[in-house]
Amino acid sequence: MIDVTYEIIALYVYPQKNNLTNVVGKVQLRTVFSRNGASSEGRLEAILDTDNVSAESFIDVDNLDIDTVAGWVIESHGGEDFLTNLKNAHDQTLQDKEREIGMVKYP
Amino acid sequence: MALPVSGTISINDLRVEFGDSGSSSLSEFYRGGGLVPATETTTTTTTTTTTTYEPGPGTSNYEYSLVSPLYGWVQDESSPYTNYLYWNNVELVQFTDASFNNTNSYTHTDGWTYIRNASPTNTGIDLGDIIVSVFPIRRQETTTTTTTTTETTNINTGVPTSGTISLNDFYGATA
């Protein structure tokens, strides 16, 4: 099983939109796919749909957690199927790196 | 909740089921007459996901060209290990990396994910100010389509639309 972790590289906000402050409109994420001690990195960018953000669903940018932001990005690119395809794309790299574990340069 | 399919049904049961008020008579409960619906509409939403691979088919083919149109994942071999992604002569993005050959996919805001091959086709290309390696590149896109289907079916077919009507005609009838 491939584990996925995310790290925010950058958030871009609308300072004011729909009477809300600092509405996140674009996200850049660093994504790490890990398995059996090997890892492979990807980079994700997404422009989010902010037209229907309401006061009820709005989360202040300072209170956002990484899982929420990553969820928005994944959803904007097609949801779980997108993530599955992305994991598959990194599978070969992980296989190669798993085979390299334990090797040392000789001599 | 539908009326029972057997046993005793009262006119008060009809009033509750079909939302009638005041005094009621059976003639108010003809099918399609306003209180008792003749049809029911159901809406079904289906989500279909499609993945497109280019140059395809599948995930094993890559594009690579150092002449126009440019295709490739170019990376500076020295710090700051800047990546330059080219697809069909367009430079999609530049970004720096922690180390050489560190980032293996890049998902663009246009929805496409660009993936580099594990091994470069060319290394040590001297561009004057930087020396780069070039990796073959492919891309994939996941598209989700939502289809809504509306279907109308006949219901309460045991209830007459006119003429003689009895409480037993309402077995299983529903609002």
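Candidates in region A:39-57 are the residues that are buried (at least 17 other Cβ atoms within 10 Å of the Cβ) and part of a strand (DSSP E or B); of these, the one that is farthest from the other protein chains (Cβ to nearest Cβ) is A:39. Could you tell me whether region B:137-145 includes any residue that is more than 9 Å from chain A (Cβ to nearest Cβ) and within 30 Å of residue B:41 (Cα to Cα)? Yes. So, residue B:46, is that one among the hydroxyl-bearing types (Ser, Thr, Tyr) and modelled with pLDDT of 95 or more or not? The answer is no for residue B:46. Of the strands (runs of 3 or more DSSP E) lying entirely inside region B:118-175, those carrying at least 3 residues that are farther than 26 Å from residue B:70 by Cβ are B:137-154.
Table: residues versus (1) part of a helix (DSSP H, G or I); (2) within 14 Å of chain B (Cβ to nearest Cβ); (3) in contact with a helix residue (DSSP H, G or I) (Cβ under 8 Å, 6 or more places away or on another chain); (4) surrounded by fewer than 16 Cβ atoms within 10 Å (Cβ to Cβ).
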| position | (1), (2), (3), (4) |
| --- | --- |
| A:86 | yes, yes, no, no |
| A:91 | yes, yes, no, yes |
| A:94 | yes, yes, no, no |
| A:105 | no, no, no, yes |
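Of everything in region B:115-124 that is in contact (Cβ under 8 Å) with a residue 40 or more places away in the chain and surrounded by fewer than 22 Cβ atoms within 10 Å (Cβ to Cβ), the residue that is farthest from the chain's Cα centre (by Cα) is B:124.
Are any residues in region B:94-117 over 14 Å from residue B:81 (Cα atoms), touching a Ser or Thr at 6+ places or on another chain (Cβ under 6 Å) and part of a loop (DSSP other than H, G, I, E, B), and if so, which ones? Passing the criteria: none in range. The single condition among (1) assigned to a helix (DSSP H, G or I); (2) exposed (fewer than 12 other Cβ atoms within 10 Å of the Cβ) that residue B:15 does not satisfy is (2).
Cβ separations smaller than 7 Å between residues 6+ apart or across chains give the following pairs from region B:92-107 residues that are more than 7 Å from every other protein chain (Cβ to nearest Cβ) and under 21 Å from residue A:72 (Cβ atoms) to residues that are among the hydroxyl-bearing types (Ser, Thr, Tyr) and not in a loop (DSSP other than H, G, I, E, B): B:93/B:106. Of the residues making up region A:61-79, those that are without any contact (Cβ under 8 Å) to a residue 12 or more places away in the chain and at the interface with another protein chain (Cβ under 9 Å from one of its Cβ atoms) are A:78, A:79.
Can you find even one residue in region B:39-53 that is more than 14 Å from every other protein chain (Cβ to nearest Cβ) and at positive phi? Looking through region B:39-53, none of the residues is more than 14 Å from every other protein chain (Cβ to nearest Cβ) and at positive phi.
Going by the structure shown, is residue A:24 farther than 14 Å from residue B:113 by Cα and modelled with pLDDT of 95 or more?
Working: farther than 14 Å from residue B:113 by Cα: yes; modelled with pLDDT of 95 or more: yes.
Yes; evaluated as a whole, the condition is true for this residue.
Taking each residue of region B:35-63 that is under 30 Å from residue B:156 (Cα atoms) and looking for partners that are part of a loop (DSSP other than H, G, I, E, B) and not aliphatic (A, V, I, L, M) with beta-carbon atoms closer than 6 Å, six or more apart or interchain, yields B:35/B:20; B:36/B:156; B:38/B:32. Filtering region A:1-12 to residues that are in a strand (DSSP E or B) and loosely packed, with under 15 Cβ neighbours inside 10 Å leaves A:3, A:5, A:7, A:8, A:9, A:10, A:12. Within the span defined as region A:5-28, every residue fails to be in contact (Cβ under 8 Å) with a residue 24 or more places away in the chain, within 23 Å of residue B:53 (Cα to Cα) and within 10 Å of another protein chain (Cβ to nearest Cβ).
The values are calculated or read from the model by the stated rules, or taken from the named source; none is laboratory data. Quick caveat, the model's predicted, so the values are computed rather than measured. In this analysis, Cβ positions are derived from the backbone assuming ideal geometry, glycine residues included, and neighbour counts consider all displayed protein chains.
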